[in-house]
Amino acid sequence: LLRLASEHVLALDERGTVVVPVLTLERCIEIRDLRMLIEGEGAARAATSVTDGEIDELSAIHDRYARTEKDNNFAMALAENENFHFGVCRLARSPALFRIVENLWMQFGPILSHLYDSKSRPFHGQKHGHIRVIEALRKPDSERARKAISQDILIGGKTLLNKLGP
């Protein structure tokens, strides 16, 4: 518990009790911006060495994500979304980068379920960010992959920020 508190995933209150920290709008924006930078770097690195088979695995993850979201199985959709993002970061072949991303996701965890609070979906009527990442990896185009994952995080997280905003 102390390790998680030191990584800002949990917090200690004035009595020394471990609690889940309240995420402010400012903190969520900070985490989102860091995710865009670091996951963007991960996607760019992945584009330089990813194999067709690895891209096919990411595509299968996205297909499961889309199916579970369509079926209103939001717990599984959240899990598959995480699998996709972590999968891209693993393909960067940078354990240090992956650990940073993992920590940012843990800090963001308490509010992720709010992605499905509203009826609207972030990518309704447009190509999903995951698809843009997959296309960039297939090229391969590092800068396009960086931009695609960053846009996915920006657009996909808008619901969360609206939930916390004024």
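Output the qualifying pairs, or none if there are none: Cβ atoms under 8 angstrom, residues six or more apart or on different chains, first residue in region 84-96 and within 15 Å of Gly129 (Cα to Cα), second residue β-branched (Val, Ile, Thr) and open to solvent by 20 Å² or more (accessible area, probe 1.4 Å). Sorted first by the residue in region 84-96, then by its partner, the pairs are Phe84/Ile61; Gly87/Ile61.
Of all residues in region 74-97, those that are over 17 Å from Asp56 (Cβ atoms), open to solvent by 30 Å² or more (accessible area, probe 1.4 Å) and part of a helix (DSSP H, G or I) total 8.
Residues that are among the small types (Gly, Ala, Ser) and buried (at least 21 other Cβ atoms within 10 Å of the Cβ) were ranked within region 45-73; the one that is farthest from Ile111 (Cα to Cα) is Ala47. Of the helices (runs of 4 or more DSSP H) entirely within region 102-166, those holding at least 3 residues that are modelled with pLDDT of 85 or more occupy 129-138, 142-156.
In region 18-30 there is no residue that is over 27 Å from Asn162 (Cβ atoms) and open to solvent by 80 Å² or more (accessible area, probe 1.4 Å). Only residues that are hydroxyl-bearing (Ser, Thr, Tyr) and touching a helix residue (DSSP H, G or I) at 6+ places or on another chain (Cβ under 6 Å) were counted across region 17-47, and they come to 0.
The values are calculated or read from the model by the stated rules, or taken from the named source; none is laboratory data. Keep in mind the model is a prediction, meaning the values are calculated, not measured. Ideal geometry is used to build each Cβ from the backbone, glycine not excepted, and the neighbour counts take in all protein chains shown. Please note that ligands, DNA and RNA were not included when accessible areas were found on the heavy atoms of the full protein model with its side chains. Shrake-Rupley method; radii C 1.70, N 1.55, O 1.52, S 1.80 Å.
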